[in-house]
Amino acid sequence: MVQRTTGRRVSFALNFHRWREIEGWLFAAPWLFGFLVFTAGPMLYSVALGFFDYDFFTPPKWVGVANYVNLFAKDELFWQSLKVTTIYSVVSIPLRLVLGFLIALLMNQDVPGIYVFRSLFYVPTILPSVATSFLWMWILNPQYGLINYALEAILGIQGPGWLASEAWALPALIIMSLWGVGGPMVIYLAGLQGIPRHLYEACDLDGGNAVAKFWFITIPMMSPIIFFNLVMGVINSFQVFTSSYLMTQGGPNYATYFYMLYLYDTSFRYFRMGYGSALAWVLFFIIMSLTLLNFIGSKRWVYTGNL
Amino acid sequence: MNTAIVPSESTLRKRPTQPQRGRALEVMPSERYDDKIFTSAAAGTIADIFHANSEMVTTFAVKGILTEITPLLDADPDVKKDDWFDWTWVRAMYQDKIWAMTQKGNTTVTYYNKDLFDQAGVAYPAGKWTQEEFVETAHKLTDPEEDQFGTWTYNWHLAVWANQGDIISPDGQKCLLAEPAAYDAIQWVADLALKENVAPKAEQSEVFGSLNPFASGKVATYIGGEDVLGGFIESIDSFEWGAAMIPTGKETVGEGTSTMFPMSKSTKVLDSAWEFLKFLSGDIRAYEAMAKHGKLGIPPLKKAYDELFLGTEPRPDVKEVLAEMALYNRVWMLNVTAGAEAKTTVDQGLSLVWTGELSAKDACEELCPKLDEVLANQPR
């Protein structure tokens, strides 16, 4: 009897846990289905497509590694788009990290109306990128734009042709990227507000000044947040598309021909899906490698200990 | 299933139903129309007939997605190719075969602001006028203090052809921009803004965005087609305006584009689809519906041209010029199946010419090898 009762209890418990497990899978099933069908499936398919010549309309033709060989050995636009994207990333990411951090420090002050200022800095990031692009086309207009007007009024110099100039188009888009600095700022701000007060009090007791507090407390405590923004910044900057697509169409003379724009043109305007898939996977490995490097390097500078 | 797909601004959606049953008309938003066509073509579910621009027709023809129209036309006793103007077939052809029926055509004319001409005491352009007369007129009508320009960005295709040059060889195989006739003409266009100062520079023209600059009243002459005529009639009420021929260089040329309907190769109702195509392109009732909604264009069908276009209201004076210019139409990207890639290559290559950072000669010599490579690799 005892054994049977215990057995029934165990069986009931197993059934209950089993049912909860099934329930969990059922709840996750729509997402899993969507992921497998709409993300993982196409991703795997595109791996295969990278080895085919495929134009949407006619059956794919096996070309082996020819797409990858052409891409690295013969394709000037691949290298040009990679160069443009790399320059953009190398310049814009540090600028966004530093500026976002500085603004977050300012927004972390206890002054009247600080919530208004925080909102003002954050609002640009929630504007649609299309609207932002058109707004900046006006701001950057060489003749009637705000920037050249300010340059002439304040410094007495004539501004460049910005988007129409081969030399200035990319810098213009980098400047424009700072418009979205409110995104990292908010994350920094949350991090700043999470730093325990007692650390600063301890520094006060030790006679530390503001610089010491910033260097020995704020920066180390914020390092995971800086790391997060760095990783996201690298991933996002290598996928820039809208601004060049709308504002410059990659020009003038391919000066703003970002990698994603080339990928889009190749796949969806020229219908070279096999080659586009190869481009996509090269981009995937570039981003993955940079992210891995970031994680490996983070061990040297990101503070992850508990307090 | 017998279907036709058209973009949302098409007259077909407003047209009284064609007198046959069992026909489905699918209307797509214009901005996603190409996506719909290409994805349905890729999926093998494309409609029996669909609205297409000429680049699409060439691209689809080379991919084997379209039914060739030539034998249908030849075998049908109800229609004769002579019922349509010759230019009807030019953009519908690839490798000497017809792949679509044309519903409307277009050309280019010089629209001019009569009030600005009157204020400057300049006579209106009439008949064939030369490029020299055009520049001289533009100078007289340019007033920098009033932000007023003698002309707008000139269509450089027209300038090249007028100078007896060409952009791509008629067989679609070779870039011809590195020839003096071509790059001299392109430099002439760039210099209208850079040296002559009678047209806006690139950054000045940006200000108008998608607005038509001619409607602002600040531009004295404007090269445009029939597609802007309806908008001008509707929106311009602050000044008088007219239309003249495109200025003549070594020869007179206009640029022609067409709106066409090809037939899918996978259609299972060939006869009905052909009947519908004939209706769209060869039946006066289709043109009447288009005219009713202000979407007539320049009719490719001679009967529609005579009865509904030439001499009809509104603006018969402008239509007369459009009709005359259509006789001089040239087209580019003929027999080019990598149209989008070729266009990007040309646009990028010439982009520094318009800002004066590169001479047209240097730009063309640099871009032609790139364009030749695109043309050499295009699908055939």
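The values are calculated or read from the model by the stated rules, or taken from the named source; none is laboratory data. Computed from a predicted structure; not experimentally measured. Neighbour counts are summed over all protein chains in view; Cβ atoms, including those assigned to glycine, are modelled from backbone coordinates with ideal geometry. Note: accessible area is taken over every heavy atom of the protein model, side chains too, but ligands, DNA and RNA are not part of it. Shrake-Rupley method; radii C 1.70, N 1.55, O 1.52, S 1.80 Å.
Considering only B:160, B:322, B:139, the residue lying farthest towards the positive end of the dipole of chain B is B:322, judged by Cα position with unit charges set on Cβ. Taking Cβ atoms as reference points and 13 Å as the exclusive limit, the residues near residue B:124 contribute a net charge of -3, counting Lys and Arg as +1 and Asp and Glu as -1. At 1.4 Å probe size, with the rest of the protein present, what percent of the exposed accessible area of chain B is carbon and sulfur atoms? After summing per-atom areas, the C and S share lands at 48 percent. The residues of region A:130-249 expose on average 50 square angstrom of accessible surface per residue, using a 1.4 Å probe on protein heavy atoms. The residue list B:93, B:364, B:213 was ranked by how far each Cα lies along the charge dipole of chain B toward its positive end, using unit charges on Cβ atoms, and B:93 comes out on top. Separation of region B:185-243 from region B:257-336 is 26 Å, based on Cα centroids.
Counting only cysteine Cβ atoms and a cutoff under 4.7 Å, chain B contains unmatched residues B:364.
Counted residue by residue at 0.36 nm each, then reduced by the alpha carbon distance between them, the extension gain from residue A:235 to residue A:110 reaches 41.6 nm.
About its Cα centre, the protein assembly as shown has a charge dipole of approximately 3700 debye under the convention of +1 per Lys or Arg Cβ and -1 per Asp or Glu Cβ, with nothing else charged.
Placing a pseudo-label 7 Å from each Cα along the Cα-to-Cβ vector at residue A:150 and residue A:242 gives an inter-label distance of 2.2 nm.
Computed from the Cβ-Cβ distance with R0 of 22 Å, the FRET efficiency linking residue B:114 to residue B:292 stands at 0.15. About its Cα centre, region B:72-229 has a charge dipole of approximately 140 debye under the convention of +1 per Lys or Arg Cβ and -1 per Asp or Glu Cβ, with nothing else charged.
Between chain A and chain B, the total buried accessible area stands at approximately 2200 Å², from heavy atoms with a 1.4 Å probe. The lysine pair tally for region B:241-380, using Cα distances under 21 Å and a gap of 8 or more places or different chains, is 17.
With the convex hull drawn around the C-alpha atoms of the protein assembly as shown, the volume per residue stands at 254 Å³.
Estimated at 0.36 nm per residue, the fully extended path between residue B:130 and residue B:265 surpasses their Cα-Cα distance by 43.9 nm. Around the Cα centre of chain B, unit charges on the Cβ atoms of Lys, Arg, Asp and Glu (plus for the first two, minus for the last two) sum to a dipole of about 1580 debye. Burial here means at least 20 square angstrom less accessible surface with every protein chain in place than with the chain by itself, probed at 1.4 Å; in region A:144-163 the buried residues are A:144. Each listed q (0.22, 0.23, 0.29 Å⁻¹) maps to a log10 I(q)/I(0) for region B:317-380, found by the Debye formula over equal Cα scatterers with no solvent: -0.86, -0.89, -1.14. Put a dot 7 Å past the Cα of residue B:195, heading toward its Cβ, do the same for residue B:171, and the two dots end up 3.6 nm apart.
Counting Lys and Arg as +1 and Asp and Glu as -1, what is the net charge of the other residues whose Cβ lies under 13 Å from the Cβ of residue B:310? Summing Lys and Arg as +1 and Asp and Glu as -1 gives -3. For residue A:190 and residue A:18, a Förster radius of 60 Å and the Cβ-Cβ distance give a FRET efficiency of 0.90, rounded to the nearest 0.05. Calculate what fraction, in whole %, of the accessible area of region A:72-198 sits on carbon and sulfur atoms when a 1.4 Å probe is rolled over the protein chains. For region A:72-198, the apolar C and S fraction of the accessible surface comes to 71 percent. Over what distance in Å are the Cα centres of region A:79-115 and region A:154-227 separated? Each part reduced to its Cα centre gives a spacing of 6 Å.
Note on region B:246-380: Rg/Rh from C-alpha atoms, Kirkwood Rh, equals 1.08. Calculate the length of the line joining the C-alpha centroid of region B:76-116 to that of region A:241-307, in whole Å. Taking the Cα centre of region A:241-307 as reference, the centre of region B:76-116 is 44 Å away. Using the Cβ atoms and a cut-off under 13 Å, what net charge is assigned to the surroundings of residue A:76, where Lys and Arg are +1 and Asp and Glu are -1? With Lys, Arg at +1 and Asp, Glu at -1, the neighbours total 0. Between A:22, A:203, A:66, the Cα set farthest toward the positive side of the dipole of chain A (charges on each charged residue's Cβ, about the Cα centre) is that of A:22.
Principal axis analysis of the Cα atoms in region A:244-307 yields extents of 54, 27, 18 Å, listed in decreasing size.
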